[in-house]
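Each remark here refers to the structure printed beneath this line.
The values are calculated or read from the model by the stated rules, or taken from the named source; none is laboratory data. Values in this document were obtained by computation on a predicted structure and should not be read as measured data. Glycine also receives a Cβ, built like all others from the backbone with ideal geometry; neighbour counts cover every protein chain displayed.
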Amino acid sequence: MNGVLVVDKPGGWTSHDVVSRVRRVVRAKKAGHGGTLDPLATGVLPIYLNEATKLVPFNLEGTKEYVATLRLGQETDTLDADGEIIAETRKFFLSREAIEEALKPFRGNIRQRPPAFSAIKKKGVPVYRRARAGEKPLLEERAAMIHSLDLREVAFPSITIAVTCGRGTYIRSLAADIGRALGVGAHVSRLRRLRSGLFTLEQAVTLEELAIRAERDTIEEKVLLPKDSVELAAWIQVPPETAVRIRQGRPLCLKEMAGSERGSLSDGQRVGIGAAPRDLVAIAEVRTAESPGAPALRILRVFHR
């Protein structure tokens, strides 16, 4: 079984826990997730099975959508409700207008500092391990992109926001920064991912549904084909003998393809190559500069049956 299973991750589970459960249920030799969700978080978690694990690097760049509830007036060491309260503001009032105004600087290109409790490695060790050992690792600020940030609900002491963001954005850090901008502090009390790149909640299964489908032998109905699990500029179908050449590592040029494909592609675009309409053989990158007039295709990943 090669493809992507979108899971609606339950709260209290680590992403690794979900991968382990799915691997056992579907009896996959290999499985991995695309984009870690904290234990507190729920929602879209793509699980890549067998040959589809090769797609993970291509999909980490995708846009993500979240709905987050921020508990105002409390800061925690983990920046979410699973941590210990380290600062508290007991009495405060903020108008909706004041909150809307505080959100404005957090739209577009921003800088944020990743949480001390995160999987980022520092000197080869995940910083959350250092934090749990009592250290206070300070990570450098990094760029993040917030495509949209909307105030959904105000219900003191909490507010709910909807966020659409780019790769590497930490919603916990965003919540803490918003709390500081409001002057009262904040942490994430609930977080739900609605979309991760191509994958949405509408495609997702719960772990309970997965178990039922395993009994009924209907899991494959929910597994997305590798071809449908990655963004591609074009799909190029090749004859079986060309597919064999690709899997043997031999070079491939666009001049061997249909002229219509050649004229519609530009340098740096990624294309899918298949020996059949639904069978992904490889993902390649168009390299016009290397071969003017007859652009080359640099094979990035090859997929075996």
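Got a sec? Which of ARG23, ARG71 is within 27 Å of ALA155 (Cα to Cα) and not hydrophobic (A, V, I, L, M, F, W, C)?
ARG71
Looking at this structure, is LEU174 at pLDDT 95 or above and in a strand (DSSP E or B)?
no
Which residue out of THR76, THR53 is among the hydroxyl-bearing types (Ser, Thr, Tyr) and surrounded by fewer than 21 Cβ atoms within 10 Å (Cβ to Cβ)?
THR53
Considering only residues that are small (Gly, Ala, Ser) and either under 15 Å from SER95 (Cβ atoms) or outside any loop (DSSP other than H, G, I, E, B) (or both), which ones fall in the stretch 177-190?
GLY179, ALA181, GLY183, ALA186, SER189
Quick one: which strands (runs of 3 or more DSSP E) lie wholly within the stretch 46-122 and hold at least 3 residues that are modelled with pLDDT of 95 or more, in contact with a Gly (Cβ under 6 Å, 6 or more places away or on another chain) and charged (D, E, K, R)?
none
Which is modelled with pLDDT of 90 or more and outside the structural domain of PRO46 (by TED's automatic domain parsing), of LEU254, LEU265, LEU280?
Step by step, each of LEU254, LEU265, LEU280 is checked, and only LEU280 is modelled with pLDDT of 90 or more and outside the structural domain of PRO46 (by TED's automatic domain parsing).
If I ask for residues that are touching a helix residue (DSSP H, G or I) at 6+ places or on another chain (Cβ under 8 Å) and either in a loop (DSSP other than H, G, I, E, B) or free of Cβ contacts under 8 Å to residues at least 24 places away in the same chain (or both), which ones from the stretch 210-227 would you list?
If the condition is that a residue be touching a helix residue (DSSP H, G or I) at 6+ places or on another chain (Cβ under 8 Å) and either in a loop (DSSP other than H, G, I, E, B) or free of Cβ contacts under 8 Å to residues at least 24 places away in the same chain (or both), then ARG213, GLU221 are the ones that fit.
Residues that are within 13 Å of THR63 (Cα to Cα) and either assigned by TED's automatic domain parsing to the domain that holds THR78 or touching a residue at least 24 places away in the same chain (Cβ under 8 Å) (or both): does the stretch 148-163 have at least one?
Checked the stretch 148-163: at least one residue is within 13 Å of THR63 (Cα to Cα) and either assigned by TED's automatic domain parsing to the domain that holds THR78 or touching a residue at least 24 places away in the same chain (Cβ under 8 Å) (or both).
Is it fair to say LEU5 is of a type in the set (A, V, I, L, M, F, W, C), closer than 30 Å to ILE219 by Cα and not in a helix (DSSP H, G or I)?
yes
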